[in-house]
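What follows is calculated from the coordinates using simple rules that are stated; it is not laboratory data. None of these values were measured; they are calculated from a predicted model. FYI the Cβ positions are ideal-geometry reconstructions off the backbone, even for glycines, and counts take in every protein chain you see.
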């Protein structure tokens, strides 16, 4: 999706509002204030609040994939894991926005489609990268995805730690072993 600088500023502002104050605080006025534009411009670009949320989610996912090893083929297991290790530290607002949307979908079924797209996009990216590294075990690929998702949530809420370092080291070894045995 191509994006004008003004549209991108609105998307970044949307992500920031939701990350800071939750989805319920999302208004055209708040987004416009953070982006430094009139609130009419938000409606002009997105039409409805739901369209704004959907576009912001697509934007946040694309940003996250670009900032990790999931956007292009990693050279090895260490490079794959390195992209995940600092994801929450590098893009806290994008991650917080996405998790806020996931939680809000429990109360708002109309968000379920966006949440399903979120999970499918990340799972497919994870599968592509691991397959490129030589991992063929579908159950292992899914287990790694769920572990990485949990790691990002923990980093976002409590920060890093030795437990994350140990798990990422184990994921690296699992990827390397699975690639060798394929």
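A few remarks follow.
- With a simple spin-label model that places each label point 7 Å from the Cα along the Cα-to-Cβ direction, the separation between residue 146 and residue 182 comes to 2.1 nm.
- Sites residue 92 and residue 39 - FRET efficiency at Förster radius 30 Å, r taken between beta-carbons, to 0.05: 0.70
- For the range 103-182 and the range 13-55, distance of Cα centres in Å: 29
- 0 to 90° range, to nearest 10: angle between helix 49-67 axis and the chain longest Cα axis: 30
- Gyration tensor over alpha-carbon atoms, the chain, equivalent ellipsoid semi-axes in Å: 33, 16, 15
- Fully extended contour minus Cα-Cα distance, from residue 27 to residue 138, at 0.36 nm per residue: 35.8 nm
- Between helix 138-158 and the chain: long-axis angle, C-alpha atoms, 0 to 90°, nearest 10: 50
- Most mobile of 23, 158, 11 in a GNM of the chain (Cα contacts under 10 Å): 158
- Rg to Rh quotient for the range 25-78, alpha carbon positions, Kirkwood Rh: 1.20
- A Förster radius of 30 Å, combined with the Cβ-Cβ distance separating residue 103 from residue 73, puts the computed FRET efficiency at roughly 0.40.
- Relative contact order %, the chain, counting alpha carbon pairs below 8 Å whose residues are six or more apart: 22
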